[in-house]
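Asks: Below is a structure I'd like to ask you about.
Values quoted throughout were computed directly from the atomic coordinates according to the rules given, and no laboratory measurement underlies them. Small disclaimer: the values here were computed from a predicted structure and weren't measured.
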Amino acid sequence: MAVTIKSQREIDLMRHSCKLLAKVHEELGKAIEPGISTLDIDRLGEKLIRGYGCVPNFLHYQGYPASICVSVNDEVVHGIPRADRILQEGDIVSLDCGLIYKGYHSDAARTYGVGRISPEARQLIDETRNSFFEGIKMARAGNHLHDISNRIDEYISRFGYGIVEDLVGHGIGTSLHEDPQIPNFRQRRKGVRLQAGMTLAVEPMINMGGYEVEWLDDDWTVVTEDGSLSAHYENTILVTDGEPEILTLL
Ligand code: MF3
Ligand code: CO
């Protein structure tokens, strides 16, 4: 499938979808505290999404059973919410969430500390977020897709962290996952030429230890192979002729 270029009308719909998602994330972030279960987070997220008249796009996606992916500590992404998974002081938790507004998808992820966390965990979260902002500096018309990938890799390498390679960012629009795939690590090829009107979900997944990951028996939950902590930060962005517009921020 080719990379889609959104019309002005589609861009406005994407903007609205993404703003609503940013509000959902803001509310979810406030709910993170020791004692909450990962299922409570999912329930709250689904309620907020439906309250805006939208549909959670992760629910039933390829059989995924929830609206929010809630991934704790060494879980990288796609953690399945559970009533008996209670957040504890010192944990880190990644919330990945998306919704559909009038047929247009949005997708964003944040990682939070639960109560007080170690300085090392804090740094992992902060640098994962920073790597997103570094990477998207390259997201402008005329550059190539892998300029983003290369910049994220270049930024993260100095910390000795592992960049997950088995999962990547993606185009987004009338489907949750559109072309192109967006790796977060160095690429030999340039990738497609970026054009104004592309909407992309850029989402570095960064491990404190090695880059290797594995899948749990539930066939969803991705964990670090060495048990090290992992952080995730994602926004849906719009490519323009100048600075990209970050659609899933308030
Ligand atoms: N947010 C994920 C992504 O960025 C999609 C999760 S799909 C689900 O691609 F089924 F796990 F929810
Ligand atoms: Co995504």
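Asks: Want the number for Gln181 to Arg9: 0.36 nm per residue separation, take away the alpha-carbon distance, what's left?
Replies: On the way: separation 172, 0.36 × 172 = 61.92 nm, distance 2.42 nm.
In short, 59.5 nm is gained.
Asks: Given 0.36 nm per residue, what is the gain on full extension from Glu89 to Lys30 after removing their alpha carbon distance, in nm? Spell out each step's value before the answer.
Replies: Numbers: separation 59, 0.36 × 59 = 21.24 nm, distance 1.50 nm.
That works out to 19.7 nm of additional length.
Asks: If you plug each phi of the range 20-25 into the Karplus form 6.51 cos²θ - 1.76 cosθ + 1.60 with θ = phi - 60°, what whole-Hz ³J(HN,Hα) values come out, in order, with x for Gly and Pro?
Replies: 4, 5, 4, 5, 4, 4
Asks: In addition: Over 30 Å between Cα atoms, which of Lys47/Lys137; Lys19/Lys137; Lys6/Lys190; Lys23/Lys190; Lys23/Lys137 qualify?
Replies: On the way: Lys47/Lys137 34 Å; Lys19/Lys137 21 Å; Lys6/Lys190 22 Å; Lys23/Lys190 35 Å; Lys23/Lys137 24 Å.
Where the Cα-Cα span goes over 30 Å, the pairs concerned are Lys47/Lys137; Lys23/Lys190.
Asks: Something else now. Output the relative contact order of the range 5-68, whole-number percent, from Cα pairs under 8 angstrom with separation of 6+ residues.
Replies: Details: 34 pairs, mean separation 16.1, N = 64.
Once normalised by length, the contact order is 25 percent.
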